[in-house]
Amino acid sequence: MYQQNYLGLAYTKQFEQSKLKIESSYFYNVEDGKNLYGEIDSQAVGLMGTYYKYDNQLSIGVQKNMGKDIFPTLAGYPPQPYLQAWSNLPFYNPEELTWHLNYIHDFKNHGMDGFKTRLGYHYGHNIKRPGLNDNKEEETIVGLIYAVPEGKFKGLSLEWRYTQTDTRYGIENNSGNSFKENRVITTYEFKF
């Protein structure tokens with residue numbers, strides 16, 4: 001298996017009508033035990049700022065992966081929510097530098113309590129792969145979210161999310177595992 005060490009720091013500053021949140025993260029991964037994954041050389045550092053004003057939320061961040069191996073996860077692909085650039089594409093490749101931004105607008109003050117829209121963009125490049133230089137991947141997300149604001153079903157939310165990805169490898173920009181998809185995501189928040 002492997003050992004994963006994580007350090008995260010967050011700072012929030014409240015202003016009169018807005019708020020700023022700065023988050024940083026550092027991961028250090030190394031092989032452990034019987035080395036079932038073999039030797040692991042993988043670190044990741046991230047920095048993200050989120051600005052909140054009225055009904056708007058804008059996040060801008062950067063993540064740098066370091067080492068010759070992909071960022072390890074159990075079974076190869078379960079989400080790692082503390083990696084700041086994790087999305088439909090994981091952006092966890094060796095030496096990858098990822099820039100990302102996310103915008104959310106809440107319609108509660110427009111008479112549509114519970115509705116939000118989301119726009120997101122990730123761009124990862126400088127991925128190191130044997131025999132393939134100039135690798136890059138990008139992802140665009142558009143989403144519409146409805147969370148039941150009150151009543152018997154409060155805590156239930158539905159999201160329609162459209163995602164388009166484009167992955168390119170090598171100087172000739174050979175197409176990789178690119179896709180377009182529509183998802184409907186249902187969540188329920190239960191408070192004990």
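The values are calculated or read from the model by the stated rules, or taken from the named source; none is laboratory data. Treat the numbers as computed from the prediction; the structure is a model and nothing was measured. Using ideal geometry, Cβ is built from the backbone for each residue, glycine included, and neighbour counts are taken over all protein chains shown.
Limited to segment 137-192, what total is found for residues that are modelled with pLDDT of 95 or more, over 28 Å from Trp99 (Cβ atoms) and aromatic (Phe, Trp, Tyr)? Total meeting the criteria: 1. The residues of segment 89-140 that are surrounded by fewer than 19 Cβ atoms within 10 Å (Cβ to Cβ), among the aliphatic types (A, V, I, L, M) and part of a strand (DSSP E or B), listed by number, are Leu97, Leu101, Ile104, Leu119, Leu132. Within segment 149-163, the only residue that satisfies the criterion of being more than 26 Å from the chain's Cα centre (by Cα) and among the aromatic types (Phe, Trp, Tyr) is Phe153.
Tallying residues that are free of Cβ contacts under 8 Å to residues at least 24 places away in the same chain and either at negative phi or surrounded by 16 or more Cβ atoms within 10 Å (Cβ to Cβ) (or both) within segment 70-88 yields 8.
For segment 39-69, which residues satisfy the criterion of being assigned to a loop (DSSP other than H, G, I, E, B) and buried (at least 16 other Cβ atoms within 10 Å of the Cβ)?
Hits for segment 39-69 are Ile40, Gly67, Asp69.
Screening Gly111 with (1) in contact with a strand residue (DSSP E or B) (Cβ under 9 Å, 6 or more places away or on another chain); (2) among the small types (Gly, Ala, Ser); (3) over 29 Å from Arg168 (Cα atoms) gives one miss only, at (1). What about Leu7, is it under 25 Å from Gly124 (Cα atoms), among the aliphatic types (A, V, I, L, M) and modelled with pLDDT of 95 or more? Against the criterion (under 25 Å from Gly124 (Cα atoms), among the aliphatic types (A, V, I, L, M) and modelled with pLDDT of 95 or more), Leu7 qualifies.
Quick one: would you say Thr12 is among the hydroxyl-bearing types (Ser, Thr, Tyr) and out of contact with any strand residue (DSSP E or B) (no Cβ under 8 Å at 6 or more places or on another chain)? So Thr12 fails the test.
Going by the structure shown, is Glu189 of a type in the set (Asp, Glu) and loosely packed, with under 14 Cβ neighbours inside 10 Å? Judged against the criteria, Glu189 is a match.
Considered as a group, the residues in segment 1-38 that are small (Gly, Ala, Ser) and in a strand (DSSP E or B) include one that is farthest from the chain's Cα centre (by Cα), and that residue is Ser18. Annotation note: Cβ proximity below 8 Å between a residue of segment 117-136 that is modelled with pLDDT under 90 and a residue that is outside any strand (DSSP E or B) and among the aliphatic types (A, V, I, L, M) (sequence gap 6+ or interchain) occurs for Asn133/Ile171; Asp134/Ile171.
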